[in-house]
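Here's the structure we're looking at; comments come further down.
Values in this text are rule-based calculations from the coordinates and carry no lab data. The structure displayed is predicted, hence computed values, not measured ones. Ideal geometry is used to build each Cβ from the backbone, glycine not excepted, and the neighbour counts take in all protein chains shown.
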Amino acid sequence: MNMKDFIKDLDFSRKSSTVVFLIAILVLIGAFIWWLNIPFIEDIFTNGTIMLIMVLGFQLFMGNSGILNWSYVGYVGIGAFASAIFSMTPALKALQIPTMYPFLISLHLPFPLALIAGALVAMIVAALVAWPLMRLSDSVGAITQFALLIVINVLLSQWSQVTNGPRTFTLGGTRLTSFWLVLGVAVLVIILVYCYKESSLGLKLRATRDDRYAARSSGINFVAVRYVAYVASAGIGGLAGGLYSHYILSITAASFYLNELFLLLSMLVIGGSMSVSGAFFGTLLVTLLRQGLRQVELFLYKTGFEASGSAEIVVAIILIAFLIWRPNGITGGRELTWQSIKRMLPIASEKKDPISNNLKKEEKA
Amino acid sequence: MSNITENAPILQVTDLYVAYGPILALHGISLEVHKGELVSICGVNGAGKSTVLKAIAGVLKPRSGSIRFKGKDVTGWKPEQLHKHGMALVPEGREIFPSLTVEENLRLGAFGRYQARRFAEDLEDFFTLFPILKERYHQAGGLLSGGEQQMLAIARGLISHPDLLMMDEPSLGLSPNRVDQIFELIMELKSRGITILLVEQNAQRALEIADRAYLFSNGRVEYAGRPQDMAGKVDITSVYLGGQKGGDVE
Amino acid sequence: MNAQIFFEFAINVLSMGSLYALIALGLVFVFGICKLINFAYGEFITVGAYVLYFLGVFTSLPWPLVFLIGILSSVAVGYLSELVAFRPFRGRSLDALLVTSFAVSVILQRLFQLGISPRSKAVPVPAFFNMNIELFGLTTPLRNLLIIAITVVLLLILTVIMKYTVLGVAMRGASENFVTARLMGVPANLVISVAFIISGFLAGVVAIFWTARTGSAEPLMGMSPLLIGFIAVVIGGMHSLPGAVVGGYVYALIANILSLTLPTSLLSFRDAVMFAIVIAFLVLKPEGLLRGNYQEERVG
């Protein structure tokens, strides 16, 4: 492919501008919050950005394949525990989790490598179990993924020699996940997830989502295509899990179960699961909403009302409303591009009716 | 139904557009069926024959156009409402309920207009029309052969005493003598005065028995009129070619 | 004393299996018609349990009436959730339905936490439930025998309804081929509502015997029966009502055997083993132990 084709393929106004916009929005918000220098808001931003990485990894498989991937949050958990086991010093592990297998206690890697190792462990687990599951679609597929989540959860919550079992796993030491690290990783993941979606692999996976049989008859091996995305998605989830555990510093298996999954699912569906922009804006919107509601809960609590948990009710109702009236989310399953922004701006209205223009273009093509 | 005059068609479809997602399958179909008529719809695969039946029966929602049945505008009605109003569709591929017995299949066919006494009387009648059903009365529908299933599907359509019986490819995938049986049966139903709208791949047979016929092509009506007048007006070989190709799904 | 151990094992399997069979039936009724694994099903049971708690603690109504009202509340929640949350999804994607049922489940759980209490409440149980019965030389609480008897009766009633009433035939037809059933005049809304009502009814019955065993009601209690039903339904093949019943008993059998044979250190992994079995079933034998309604078509 020569340079000219390459640039043409990037197609800034209709395609690659998405990445630029999403990163710009994220970095601008981050820089502003850094400038504000209020720990409470920095904390919300860091947490939200870790969630964003999780949702992006979630989108990579679920959004492109159309398979409800319940097991995803399990890989987040695997990455969280695995990276913590790698990063903690043997002395600290012997102190915090005395039940742990000796060979795990002796492992030690510097933090950045531990993060990557955690993601790799998640990918390896996914790679080992996923192949036979990728054949399954529709309700059987969703049920299998759900069953897998429960298997992972039982292992995480009961395997005392690895995860400290049902007890809290405390990492000890200092908070290794920093504001800028999370931001940097998020930027990389946005690029990665977007490039995947636009790559030929991503295109094939989307084809299987839209019409499994047609995709198959045109020679796409949908099991292989799904498999690659599933493992990659588990890797991003594992990475996000590692960032999470080194930020929160104490985790239990329950942190990676249905409540967390529900949150990820709400963010992705409300944003629009079929696009990277959907994952981005869904996370942004739900994070803002939950923080706002949490303030209301706190206020009510001060005035004597116990209202904790009402945020989830509101999110759940909004989720159902979206599923009924706007099943493709706020983005409608489309990406935010330079073209879509031009369409929204009234200045650009000289081209009168962009939708019909588009249609004409398509007809010509 | 006093507002129906003698000449008004029992079914009148006007300028019907139906789409599967973004793909338009019917481009403004108009057709009508009068009481007591046997009307055939012919055409090659993908011409929109099955689609029009599904739209009339309420399974597919038309994008625009109207459907009048027994003097009422029934556009957008649900399948169960239309059934109650006197429409029955014998679906393509028979769609027998495989684990239900023949009896249960028939009982279900009468669901919308079920009357125990009439059901018992009809059974007697059906057993003479379809002797095989009597033999297999307590067997699961899935165990019947293709031809037997087709008999059952037609009986299941008839048992609600429809004012309009629509049949979608009743001869599809059957052996030649089974096909003969099915067409004899359709003739018998016609002689009993039942109004029939028939969609068939086997154009030759369908045109032989029809009072009037529609020839579909690419979601449009190519020809409408008496079968015997068709010869000079359209390229008849294309119609018959449709009859040679069997078995594939539309 | 081998015989006694065997009888104890058998009674355990049969009483647990009966409860599990009812749980599985409640799930499969909705799954059969809507192809929806209803995540909110566990909460139908929770509602019944809380009503038993309220009536048992704050009123002196006779037990039969308490049970009846408990069952009716589960029915009401089942029907209402169908009406409000699931009906707008008629004809839409399965995933949307599944996510909605998940959301409904979250909403109900949070409402219990907010409106009642996050902590568990002791549910009173009629004394005769725990009365010990002497049978084949071993003693067992009456409730264990009661659940077996009630399950048998309910299965008989349901069989009669499904086999001999027009509505039952319509339900079975609709679960095999929904569109064709509608073409026969079976109203979509009717069969789906009835499926949810039966599902709610079974949840209400389950609530009685579940709380009799655990003695308490709490917001998240619906999860365990949901998972049990889920396993049993998969083992039974997902599409067939008899399959779900068999799945319930088979699950009780496997769970009891695992409890007896797994070393204590591994006992906490029992659920992982059960769900690994579920995955194996889905991958290798998706039609379950009994062949469901899917018979091969004979061409002739």
Exercise for the section: Determine the distance separating the Cα centre of segment B:170-228 from the Cα centre of segment A:260-293; give it in Å without decimals. Expected result: 55
Problem - Peptides A:37-44, A:338-345, C:69-76, B:129-136 ordered by average Cβ neighbours within 10 Å, highest first - result: C:69-76, B:129-136, A:338-345, A:37-44
Completion exercise
For segment C:97-171, listing chymotrypsin sites (Phe, Trp or Tyr not before Pro) in a DSSP loop whose Cβ sees at most 14 other Cβ atoms within 10 Å gives C:PHE136
Fill in the blank from the handout: Residues whose built amide H sits under 5 Å from the amide H of B:GLY28, excluding neighbours closer than 5 in sequence, are B:LEU16, B:TYR17, B:VAL18
Practice task
Would you give the gap between the C-alpha center of segment A:33-77 and the C-alpha center of segment B:48-67, rounded to a whole Å?
Solution key: 45
Handout entry: Derived scalar couplings ³J(HN,Hα) [segment C:81-87; Karplus, 6.51 cos²θ - 1.76 cosθ + 1.60; whole Hz; x for Gly, Pro]
Key = 5, 4, 5, 7, 9, 8, 4
Exercise for the section: Determine the percent antiparallel among the DSSP beta bridges restricted to chain B, to the nearest 5. Expected result: 55
Practice task
Would you calculate a helix-derived [θ] at 222 nm for chain B, using -39,500 (n - 2.57) for each DSSP H run of n ≥ 4 and dividing by the full residue count, to the nearest 500?
Solution key: -10500 deg cm²/dmol
Problem - Value of [θ]222 nm, deg cm²/dmol, for chain C, DSSP H segments ≥ 4, -39500 (n - 2.57) each, nearest 500 - result: -24000 deg cm²/dmol
Completion exercise
Each residue of A:61-73 has, on average, a number of other protein chain C-beta atoms within 10 Å of its C-beta equal to 1
Exercise for the section: When a/c is below 1.5 the answer is rounded, else prolate if a/b is larger than b/c, else oblate, so apply that to chain C with a ≥ b ≥ c taken from the square roots of the Cα gyration tensor eigenvalues. Expected result: oblate
Completion exercise
Packing-ranked peptide list from B:16-27, B:38-49, highest mean Cβ count within 10 angstrom first, is B:38-49, B:16-27
Problem - segment C:110-148 residues near the modelled C:PHE7 label - backbone nitrogen below 12 Å, point 7 Å along Cα→Cβ - result: C:133-140
Handout entry: For segment A:263-278, 3J(HN,Hα) per residue [Karplus equation, 6.51 cos²θ - 1.76 cosθ + 1.60, θ = phi - 60°, Hz, x = Gly/Pro]
Key = 5, 4, 5, 4, 4, 5, 6, 5, x, x, 5, 7, 10, 5, 4, x
Exercise for the section: Please report A:VAL154, C:VAL191, C:VAL28 as a ranked list, fewest other C-beta atoms within 10 angstrom at the top and most at the bottom. Expected result: A:VAL154, C:VAL191, C:VAL28
Practice task
Enter the mean number of other protein chain beta carbons within 10 Å of the beta carbon of each residue in C:42-48, as an integer.
Solution key: 0
Practice task
Based on other C-beta atoms within 10 Å, arrange C:SER93, A:SER17, A:SER160, A:SER83 from fewest to most.
Solution key: C:SER93, A:SER160, A:SER17, A:SER83
Fill in the blank from the handout: Inter-part gap, Cα centre of segment B:5-39 to Cα centre of segment A:93-130, in whole angstrom, is 67
Exercise for the section: Select from segment A:173-239 those trypsin sites (Lys or Arg not before Pro) which occupy a DSSP coil region and have at most 15 other Cβ atoms within 10 Å, ordered by residue number. Expected result: A:ARG175
Completion exercise
Counting only DSSP loop positions in segment A:263-329, the GluC sites (Glu not before Pro) whose Cβ has at most 14 other Cβ atoms within 10 Å are A:GLU306
Exercise for the section: Please return the longest stretch of chain C lacking exposed loop sites, where trypsin sites (Lys or Arg not before Pro) count only if DSSP places them in a loop and at most 15 other Cβ atoms lie within 10 Å. Expected result: C:120-290
Practice task
For segment A:109-126, take each phi angle, set θ = phi - 60°, evaluate the Karplus expression 6.51 cos²θ - 1.76 cosθ + 1.60, and give the result in whole Hz per residue in order, putting x for glycine and proline.
Solution key: 9, x, 3, x, 5, 4, 4, 5, 4, x, 5, 5, 4, 4, 5, 5, 4, 4
Handout entry: On Cα atoms only, tilt of A:179-198 relative to the major axis of chain A in degrees
Key = 50
Exercise for the section: May I ask you to sort A:THR252, C:THR264 by Cβ crowding, counting other Cβ atoms within 10 Å and putting the fewest first? Expected result: C:THR264, A:THR252
Exercise for the section: Calculate the mean, over all residues of peptide C:165-173, of how many other protein chain Cβ atoms lie within 10 angstrom of the residue's Cβ. Expected result: 5
Practice task
Would you mind checking which residues have amide H under 5 Å from C:SER216's amide H? H placed 1.01 Å from N; only 5 or more apart, or other chain.
Solution key: C:VAL123
Handout entry: Peptides A:274-287, B:175-188 ordered by average Cβ neighbours within 10 Å, highest first
Key = A:274-287, B:175-188
